[in-house]
Amino acid sequence: MLIPLIQNETLKIIRRKRFAVVIAILFVILALVTYSQYRRLREQQNRNWRAEIQQRVANFQNMMRRGRLNESYARGLRAEAGRLQFYLDHDIEPDKPTGPLFVRGFANASGWLLPLLVAMFGADIVSAENAEGTDKLLLTRPVRRWKILTAKLLTLFMFATLTLICGAVIAYAISSPFLPSGGWNAPTFVGFQLSGNSVSLDSVRQLPLWKDTMIAYGLQWYALLAVAAIALLLSVLFKSSAAAIGTMLASLIGGTILTRISPDWTAGKYLFVSALPLADYYTGQPPPYDGMSMLFCISLLGAWAIVATTISYAVFTRRDVFG
């Protein structure tokens, strides 16, 4: 039975207090961002939002005309300028601070934050057994090893899901007292695509904010499951918790930097890190490399997760008890 094994793994994660630390980090970060949004809302009560957006578009265009920009950064500027111009043309104020929009923005902003947090309690789910001296006892139990690893993987998926849900709940709970709490049916526009030096509007479609939020969180959840599978692999390969966590964090941070500073290295699009911010790509932000469609990114993360899980099972089920 897997349920008792999952319960045991759940208690281990709670006892190590990693999940509590993750929730505390989310609370602090979201509280600070909420305060920033609240101040922005108070300062913008009597502002001319159209003039501000026009100024932002002009600044982006001036930056691109000057040249000497990283190609990946320049593509992002063109996409953002095109998105803002669309809102100007349709007389819609974008990004007005509200509670629902704050929750929706968390899905985009968590493209790198949540994978880092999931790595904190995922990369040592197996390696911690060695640090605690329970690995030999674990492997000599009268339970098939694939069941032990399956319980750990399902527990990791469960906590990755809880991290995303808790982030959304905390975001709404903190922001509601300070930002307008209504607006779940407000119109949002997605599907902006960069075509050459201009933004294509052919695929732009309107959705209510609640539906757009559900899609964005679904994509982010999928990305987190892929990160959890890769974290499990590192936890199986390394007997040291510090080495497993350090390698996972280095992969996430180093891969992110690499995709930003080396857009000409096209092989970088096959790194799982380059496909992680699915919610951003869904909104319209261009990926760091050409040819990375949404389907490509989803398939890439799925392939990484399948390969990582396969290797994890192959190594764990053949591990020497006394190795």
* Among (1) modelled with pLDDT under 80; (2) crowded, with 19+ Cβ neighbours inside 10 Å; (3) closer than 30 Å to Phe238 by Cβ, which single condition is Ala131 missing? -> (2)
* To do: For the stretch 153-163, state whether one or more residues are more than 24 Å from the chain's Cα centre (by Cα), surrounded by 19 or more Cβ atoms within 10 Å (Cβ to Cβ) and either modelled with pLDDT of 90 or more or more than 30 Å from Arg78 (Cα to Cα) (or both).
  => no
* Give, as residue ranges, the helices (runs of 4 or more DSSP H) completely inside the stretch 1-103 that count at least 2 residues that are more than 25 Å from the chain's Cα centre (by Cα) and exposed (fewer than 14 other Cβ atoms within 10 Å of the Cβ). => 2-16, 18-43, 49-66
* To do: Go through the stretch 258-289 residue by residue and tally those that are among the charged types (D, E, K, R) and within 18 Å of Glu80 (Cβ to Cβ).
  => 2
* To do: Of all residues in the stretch 202-253, count the ones that are among the small types (Gly, Ala, Ser), under 29 Å from Ile311 (Cβ atoms) and touching a residue at least 40 places away in the same chain (Cβ under 8 Å).
  => 10
* Asked: So, in the stretch 239-248, of the ones that are in a helix (DSSP H, G or I) and of a type in the set (Ser, Thr, Tyr), which residue ends up surrounded by the fewest Cβ atoms within 10 Å (Cβ to Cβ)?
  -> Thr247
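Which one is nearest to the chain's Cα centre (by Cα) among residues in the stretch 265-323 that are in a helix (DSSP H, G or I), closer than 30 Å to Asp95 by Cβ and polar (S, T, N, Q)?
Residues of the stretch 265-323 in a helix (DSSP H, G or I): 266-270, 272-275, 278-283, 294-316.
If we keep only those that are closer than 30 Å to Asp95 by Cβ as well, we get 268-269, 272-275, 278-283, 294-298, 300-301.
In the following step, the residues that additionally are polar (S, T, N, Q) were identified as 274, 283.
Numbers: Ser274: 11, Thr283: 14 Å.
In this case the residue turns out to be Ser274.
The values are calculated or read from the model by the stated rules, or taken from the named source; none is laboratory data. Nothing here was measured: the structure is a model prediction, and the numbers come from that model. Here the Cβ is made from the backbone with ideal geometry for all residues, glycine too, and neighbour counts use every protein chain on show.
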